[in-house]
Amino acid sequence: MRLTAPFRSWWKALAHRREMEAEVEAELQFHVERYAEDLMRNGMGRDEAHRRARIELGSISVQQENNRSSRGLRPWDDLQADVRYAFRQLRHAPAFTITVLLVLALGIGANAAMFSIIDATLLRWLPYQRSSQLVSLYLIDDRSEISWICYQDLKEWQRQSHRLQSIAYYAPIEGFLETKSGQEPVSAQSISANLFSVLGVQPERGRGFLADEQTPGKNKVVILSQPVWSIMLHADPGVVGKTVRFNDEPYTVVGVMPPNFVFPADDHDPQVWVPAELTPAHQQPILDWDAPRYQAIGRLRNVSNPGSASAELSGIESQLVSQ
């Protein structure tokens, strides 16, 4: 209570400022009048008595200023005066004003953008189960550039690795979903059937992909993100099992992901996922550059030592290249 008392007093003085100043002025005026009457009873003239009373008791404006300072209102008055002065100066110099506003807008926008990136990549937890166990997997070529991984590599990594529980893969594809408003673009990913299991997240409605849905002819199924279901398809409660047209072909909706689920995590557009079709091209030799390639994500067995998983995969890859 003692800590909040000064703040309550200041807020009361600020909120009821006019009433307070009117009361102070009336009280000061009362004392001036009474003192002037005492002086007039002692033989002093009316004008001289009022002049003497104001001199000895102080002017009302000075007393009001002292009262404001004692109640902590002076800094507020100074701030208001500075703001009014700044606006007057800016109004008289429009070119300078526009320059200042542009600099402020750019500065605020840049800071907001940087915070959004830091928040998404460093501060906010990924919407996956035990996300600290997840790692991105990639190859580095002779020029130290990152490259995607072919399917045969991924199969061997999964078969031989002891440091990774599981590996999933994905690749972006062009996507257009037909709605009542027409063809609408969506962010689409062609994924392995086990991707959601690796991430530790399952659809809120329906189910995930089955392994045999990656075989040709069985891959015309789709899983929707929450924004696609709720906005584009108007939250249709019976959407699971229905057919939608994706890229001008019929696809059966088998699932809808939870509200906060996003994958890849840096994608902010409405998302859909379809199974990655495994064709004969996936069985081509590893060094065939026409073989389909993917981005990959793995789940570590031991989160405390991701470096050992990297060393293990590097050793496996060296053996594959030598073969």
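Scanning region 199-233 for residues that are aliphatic (A, V, I, L, M) and touching an Asp or Glu at 6+ places or on another chain (Cβ under 7 Å), we see that the one that is surrounded by the most Cβ atoms within 10 Å (Cβ to Cβ) is Met232. Look at (1) surrounded by 10 or more Cβ atoms within 10 Å (Cβ to Cβ); (2) at pLDDT below 85 and you find that Leu102 fails only one, number (2). Of note, Leu154 does not satisfy the criterion of being more than 21 Å from Pro275 (Cα to Cα), at pLDDT 85 or above and buried (at least 16 other Cβ atoms within 10 Å of the Cβ).
Rundown of residues vs (1) of a type in the set (Gly, Ala, Ser); (2) in contact with a helix residue (DSSP H, G or I) (Cβ under 7 Å, 6 or more places away or on another chain); (3) surrounded by 16 or more Cβ atoms within 10 Å (Cβ to Cβ), yes/no style:
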position	(1), (2), (3)
Pro185	no, no, no
Glu249	no, no, no
Val254	no, no, yes
His282	no, yes, yes
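If we scan region 128-143, do we find a residue that is free of Cβ contacts under 8 Å to residues at least 60 places away in the same chain, farther than 30 Å from Asn194 by Cβ and out of contact with any Pro (no Cβ under 8 Å at 6 or more places or on another chain)? Yes, the conditions are met somewhere in region 128-143. Scoring Ala95 on the criteria (1) among the small types (Gly, Ala, Ser); (2) within 30 Å of Asp267 (Cα to Cα); (3) modelled with pLDDT of 80 or more leaves a single failure, condition (2).
Checking the stated criteria, Gln165 turns out not to satisfy the condition of being buried (at least 19 other Cβ atoms within 10 Å of the Cβ) and touching a residue at least 12 places away in the same chain (Cβ under 8 Å). Remark: Tyr170 matches the filter, which requires a residue to be within 21 Å of Pro270 (Cα to Cα) and in the same structural domain as His268 (by TED's automatic domain parsing). Of the residues making up region 179-196, at least one is charged (D, E, K, R), part of a loop (DSSP other than H, G, I, E, B), farther than 17 Å from Gly241 by Cα and modelled with pLDDT under 95.
Is it fair to say Pro216 is free of Cβ contacts under 8 Å to residues at least 12 places away in the same chain and assigned to a loop (DSSP other than H, G, I, E, B)? Considered against the rule, which asks whether it is free of Cβ contacts under 8 Å to residues at least 12 places away in the same chain and assigned to a loop (DSSP other than H, G, I, E, B), Pro216 comes out as no. When the criteria are applied in full, Asp236 meets the requirement of being surrounded by fewer than 20 Cβ atoms within 10 Å (Cβ to Cβ), under 29 Å from the mean Cα position of the chain (by Cα) and more than 30 Å from Ala309 (Cα to Cα).
The values are calculated or read from the model by the stated rules, or taken from the named source; none is laboratory data. Quantities reported herein were computed from a predicted structural model and do not represent experimental measurements. Note that each Cβ is placed from the backbone with ideal geometry, even for glycine, and that neighbours are counted across all protein chains shown.
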